[in-house]
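*Asks:* Quick one: this structure, given as structure tokens, is what I'll be asking you about.
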Amino acid sequence: MKPATADKPAKPGAADKPAKPGAADKPAKPGAAVKPAKPAKPESRLAMVRRARRMNRELAEVYPYAHPELDFENPFELLVATVLSAQTTDLRVNQTTPALFAKYPTPEDMAAADPEDLEQLIRPTGFFRAKARSLLGLSAAIRDNFGGEVPGRLEDLVTLPGVGRKTANVVLGNAFGVAGLSVDTHFGRLVRRWKWTAHEDPEKVEADIAAIFPKSEWTMLSHRIIFHGRRVCHSRKPACGACPIADLCPSYGEGETDPDKAKKLLKYEMGGHPGQRLKPPPGYPGRPAPPLGAAE
């Protein structure tokens, strides 16, 4: 009977013989093109819309108190405050408008204002000369063309000096109850980060977002996005680690991801600080903003 072959000693050096390299192990030939990695599958339009609508629902839970942060009592005050809000904070505007509206409460009053007096009243908001020209012009136009009443139609509002679509939509949505998207710097920055649009032009951004959401959502969606941009998703240092919708954000990681460090970047009521309004509405969880000249 033959001995088992398993006990047969191997030939000298056979165990040390290297295995034949596979094709995957072969080095690339000099000058050969390197095949790029297969890119991730792009998000479909339907998937993006579903994600966007879910983000809106979650923002509604985070900011049930979202509202216009400019103090106003009527359409004219909101129009003036919105014009003043360019290149400054709503807080600074709210600290400035009480004295302004006490002296010039109506379009007729403001149209007759001395330009230098008006400039001094609105100086804290910056760009006060250009803003004064806009306020004088729009007040005169309302007096002369609309019977002293702020018009409630987009096509009429944008004929007023210093009033574009963004300002018009703010006034329509918050003073007249007409749905509109307010595409300010915060709104545009966030919807691009979220890949809802790739456009920079505000009118194209407005059209893209309007196609995602029903008209009934436009005004409140604007408030939620602007609230989130001011409090969490900042321009230079977004607080990614403290963001309540981070799991839905395709740009997560652009900012601070450490939760403790991110919390220190939160602003207003999210960070335990005063809000932007001197008279917050009922249900607002933040503290009132300080008046002009007080410590902020």
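Computed from the coordinates by the stated procedures, all read-outs in this text should not be read as laboratory data. Bear in mind that the values here come from a model prediction, so they are computed numbers and not experimental data. Note that each Cβ is placed from the backbone with ideal geometry, even for glycine, and that neighbours are counted across all protein chains shown.
*Asks:* Mind putting a number on the dipole of the stretch 75-176 about its Cα centre? Charges go on the C-beta only, +1 for Lys and Arg and -1 for Asp and Glu, and I need it in Debye to the nearest 20. Display every interim value, and only then the final one.
*Replies:* Values: 10 positive and 12 negative charges, 82 e Å.
With only Lys, Arg, Asp and Glu charged at Cβ, the dipole is about 400 debye.
*Asks:* Take the residue pairs 131/166; 103/131; 195/237; 166/215; 215/279; 166/195 and return only those whose Cα atoms are more than 25 Å apart.
*Replies:* Going by Cα-Cα distance, 215/279 fall outside the 25 Å limit.
*Asks:* Next question, about the same structure. Which entry is the computed semi-axes √(5λ) of the Cα gyration tensor in Å for this structure: (1) 34, 20, 17; (2) 77, 17, 15; (3) 60, 21, 18?
*Replies:* (3)
*Asks:* If you don't mind, another one. So if I take the centroid of the Cα atoms in the stretch 164-234 and the same for the stretch 118-154, what is the distance between those two points in Å?
*Replies:* Each part reduced to its Cα centre gives a spacing of 24 Å.
*Asks:* Could you tell me how many degrees, from 0 to 90 and to the nearest 10, lie between the Cα long axis of helix 45-62 and the main elongation axis, the longest principal axis, of the Cα atoms of the chain?
*Replies:* The two axes meet at around 60 degrees.
*Asks:* For helix 128-145, what angle does its Cα long axis make with the longest principal axis of the chain, in degrees from 0 to 90 and rounded to 10?
*Replies:* 60 degrees
*Asks:* Quick one: helix 218-231 against the long Cα principal axis of the chain, what's the angle to the nearest 10°, folded into 0 to 90?
*Replies:* Tilt relative to the chain: about 70 degrees.
*Asks:* Then there's this: Nothing charged except the Cβ atoms of Lys and Arg (+1) and of Asp and Glu (-1): what's the magnitude of the dipole of the chain about its Cα centre? Round to the nearest 20 debye. Mind showing how you got there, number by number?
*Replies:* On the way: 44 positive and 35 negative charges, 536 e Å.
Charge dipole, the chain, about its Cα centre: 2580 debye, nearest 20.
*Asks:* Something else: Run the dipole for the stretch 187-296 about the Cα centre, Lys and Arg Cβ at +1, Asp and Glu Cβ at -1, nothing else charged, and hand back the magnitude in debye, nearest 20. Intermediate values should be presented prior to the final figure.
*Replies:* Numbers: 18 positive and 13 negative charges, 72 e Å.
In debye, rounded to 20, the stretch 187-296 gives about 340.
*Asks:* Take residue 251 and residue 198, extend 7 Å from each Cα along the Cα→Cβ direction, and tell me the distance between the two endpoints in nm.
*Replies:* Result for the modelled spin labels: 1.5 nm.
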